[in-house]
Amino acid sequence: GLAFQIFNQDRWTAWRTDRYKYVKYENGEKEFYDLQNDPFELESKHNDPQYSSLMSEFDDKLKPFIGLRIDTFSIQVPQAKIGEPFELRLSAYGGKPPYKWSMTGVTDKPKYEKFECNGRMPSGLSLSSSGVISGTPTTSEECAFGVKVEDSSISPQNGRNQSDIINLSIKATN
């Protein structure tokens with residue numbers, strides 16, 4: 001089989017054999033084609049139970065090829081209220097666990113210029129190395145900041161580990 005991965009707006013990873021093609025998107029969507037019976041890939045069989053064990057096998061084969069990613073689809077930032085406890089658990093997949101989380105600057109500055117504070121969280125909140133943003137907001141402000149996750153792998157090419165960065169914003173209100 002052959003594995004390949006595309007890094008554009010819709011990240012996906014695929015496994016292809018002479019007979020089958022399996023595509024798995026970062027948002028969880030899947031495609032599965034039997035190229036012998038459907039060479040033009042007109043009808044995905046990803047929901048057909050007949051192919052579930054084969055898709056599971058291909059999922060296992062793809063795991064080593066999936067780069068480290070912050071799971072942006074599961075992030076739902078709760079309302080931050082001054083004087084009340086706040087908690088947001090971030091998660092990642094791919095790469096080699098355990099993961100280490102840290103703060104970074106905003107990577108898309110023009111998009112976040114309108115915020116009262118850039119590059120930090122609202123006062124009273126902090127990020128743990130395990131990916132939990134928690135604390136009790138103390139000031140009414142909207143802040144934009146970057147969050148970085150690193151895995152525990154070491155690349156033979158550059159001697160560094162894998163990482164991914166996203167921008168978040170949290171607004172603390174009364």
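The values are calculated or read from the model by the stated rules, or taken from the named source; none is laboratory data. Keep in mind the model is a prediction, meaning the values are calculated, not measured. Cβ placement follows ideal geometry from the backbone for every residue including glycine, while neighbour counts extend to all protein chains displayed. Only protein heavy atoms, including side chains, enter the accessible area calculation; ligands, DNA and RNA are left aside. Shrake-Rupley method; radii C 1.70, N 1.55, O 1.52, S 1.80 Å.
Points to keep in mind about this one:
- Residue in region 122-129 that is modelled with pLDDT of 90 or more, in contact with a Lys or Arg (Cβ under 9 Å, 6 or more places away or on another chain), under 27 Å from I66 (Cα atoms) and surrounded by fewer than 16 Cβ atoms within 10 Å (Cβ to Cβ) present: yes
- Restricted to region 52-95, and to residues there that are farther than 19 Å from E26 by Cβ and among the hydroxyl-bearing types (S, T, Y), the residue that is most open to solvent (accessible area, probe 1.4 Å) is S53.
- A Cβ distance below 6 Å, combined with a sequence gap of six or more or placement on separate chains, defines the contacts here; from region 96-116, residues that are open to solvent by 100 Å² or more (accessible area, probe 1.4 Å) reach residues that are not hydrophobic (A, V, I, L, M, F, W, C) in the pairs K96/D151; K96/S152; K96/S153; K100/S129; K100/E150; E116/E141; E116/E142.
- The residue pairs whose first member lies in region 28-40 and is within 11 Å of W12 (Cβ to Cβ), whose second member is modelled with pLDDT under 95, and whose beta carbons are closer than 6 Å, counting only pairs six or more residues apart or on different chains, are K30/K24; E31/V23.
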